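The values are calculated or read from the model by the stated rules, or taken from the named source; none is laboratory data. Computed from a prediction, not measured in an experiment: that's the story for all the values here. Cβ placement follows ideal geometry from the backbone for every residue including glycine, while neighbour counts extend to all protein chains displayed. Surface accessibility is based on the protein's heavy atoms, side chains included, excluding ligands, DNA and RNA. Shrake-Rupley method; radii C 1.70, N 1.55, O 1.52, S 1.80 Å.
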Amino acid sequence: MNIGSVKLKNNFILAPMAGVTDLPFRRLVVAEGCGLVVTEMVSAKGLVLGGSGTRELLAISPDERPVSVQIFGADFESMGEAASIIEEQGGDILDINMGCPVKKVVGPGGGSALLKEINKVEKILKSVRRKINIPLTVKIRSGWDSSSIVILDMLKAAEDSGVDAIAIHPRTKTQGYSGLSNWDLIARMKEVATIPVIGNGDVRSPEDVARMIKQTGCDAVMIGRAAMGNPWIFSQTISYMNKGAYRPPTAEEKMQKVLYHFELIIQRYGPLYGTRIFRKHLGWYSKGMAGGGAFRQIINRSDSAAEVEDLIRGFFAGDALKADPSQGSCSAQDNYSSDSISALSRYML
């Protein structure tokens, strides 16, 4: 699949997620075969004003390319300036968020707020298109609410402005993440689109990826929350699409991937801050596992990278990988392997 001049190795894309799709996580999923990664949202105004924290979000590693950098904002001039900066910094694709429902993005007029201002959308897209030569994409929702579905208006604005692909999460702004996404809207857009259409929403497994492609005809599938604590979803999807089957990671594979992710986090953020950042990832990695609740409580009390590494090795070994259908009703003694108990017991006193 191509997005403008950029060729992807496959059509499985990591969705942008604030606080998740940082440099370490993107490198992790690329190693699992992800065809395109997208950064966390970057504030266009923050980037133009030169905020160091905003600039940090633009860090790109050679081993994760191609990379799409996503910006948000409502002012077409600052959006154009930000786009130029991103191209200069080496972004392969520029993506504009016009679907985020979060108050701090919508309040100033960005994200989903733009779904109510199609004329403004076109101004922003044309301003950005004039500023850059790299491919331009846009990510939208279906509308502000159920009475204002604007997917075809947004598609026309995108096509008329020289956008190279459009991604749609077919929920409205008012839905947030509740209810079901309406995949029929993806199909409706695909029927008339002259640019690639990327589907997103309620994709939780390789089977869902295949079903979305079959049901909607979309050109690519964007995977978001299902990748949190589960970077294997990309390699599993590739296997499922090619062979009709896939396997979960072994205990050893899961432990080694978690440790590698932790190593990347520490390299990026340092031992103290990195250890604290990684707590949320360990929450996702341990979800549904026997003794996961006790593990998370202990992890959340430790600021030592060495201690956390030791705990990871203990918890993710052997028996700890058995699913706990009761979500924590069994005792740690019943569910942890002997190595896990040994590693954890020192921090439970």
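Note on region 155-256: no enclosed strands (runs of 3 or more DSSP E) hold 3 or more residues that are in contact with a Ser or Thr (Cβ under 8 Å, 6 or more places away or on another chain), open to solvent by 10 Å² or more (accessible area, probe 1.4 Å) and among the small types (Gly, Ala, Ser). Please verify whether ALA83 is more than 24 Å from GLU56 (Cβ to Cβ), open to solvent by less than 40 Å² (accessible area, probe 1.4 Å) and of a type in the set (A, V, I, L, M), treating the condition exactly as stated. Judged against the criteria, ALA83 is not a match.
Kindly check whether there is at least one residue in region 280-294 that is touching a Leu at 6+ places or on another chain (Cβ under 8 Å), in contact (Cβ under 8 Å) with a residue 40 or more places away in the chain and not in a loop (DSSP other than H, G, I, E, B). Yes; the residues of region 280-294 include at least one that is touching a Leu at 6+ places or on another chain (Cβ under 8 Å), in contact (Cβ under 8 Å) with a residue 40 or more places away in the chain and not in a loop (DSSP other than H, G, I, E, B).
Which one of these is surrounded by fewer than 21 Cβ atoms within 10 Å (Cβ to Cβ) and within 26 Å of HIS169 (Cα to Cα): ASP75, ASP63? Break it down stepwise before answering.
Numbers: ASP63 fails: within 26 Å of HIS169 (Cα to Cα).
Result: ASP75 is the single residue among ASP75, ASP63 that is surrounded by fewer than 21 Cβ atoms within 10 Å (Cβ to Cβ) and within 26 Å of HIS169 (Cα to Cα).
The number of residues in region 275-313 that are open to solvent by 30 Å² or more (accessible area, probe 1.4 Å), closer than 22 Å to TRP232 by Cα and under 24 Å from the mean Cα position of the chain (by Cα) comes to 5.
Considering region 1-39, the residues that are farther than 13 Å from MET228 by Cα and of a type in the set (Ser, Thr, Tyr) include one that is surrounded by the most Cβ atoms within 10 Å (Cβ to Cβ), namely THR39.
Sort through GLY217, GLY143, GLY224, GLY201 and tell me the only one that's out of contact with any helix residue (DSSP H, G or I) (no Cβ under 7 Å at 6 or more places or on another chain) and without any contact (Cβ under 8 Å) to a residue 40 or more places away in the chain.
Numbers: GLY217 fails: out of contact with any helix residue (DSSP H, G or I) (no Cβ under 7 Å at 6 or more places or on another chain); GLY143 fails: out of contact with any helix residue (DSSP H, G or I) (no Cβ under 7 Å at 6 or more places or on another chain); GLY224 fails: without any contact (Cβ under 8 Å) to a residue 40 or more places away in the chain.
Within the list GLY217, GLY143, GLY224, GLY201, the selection yields GLY201.
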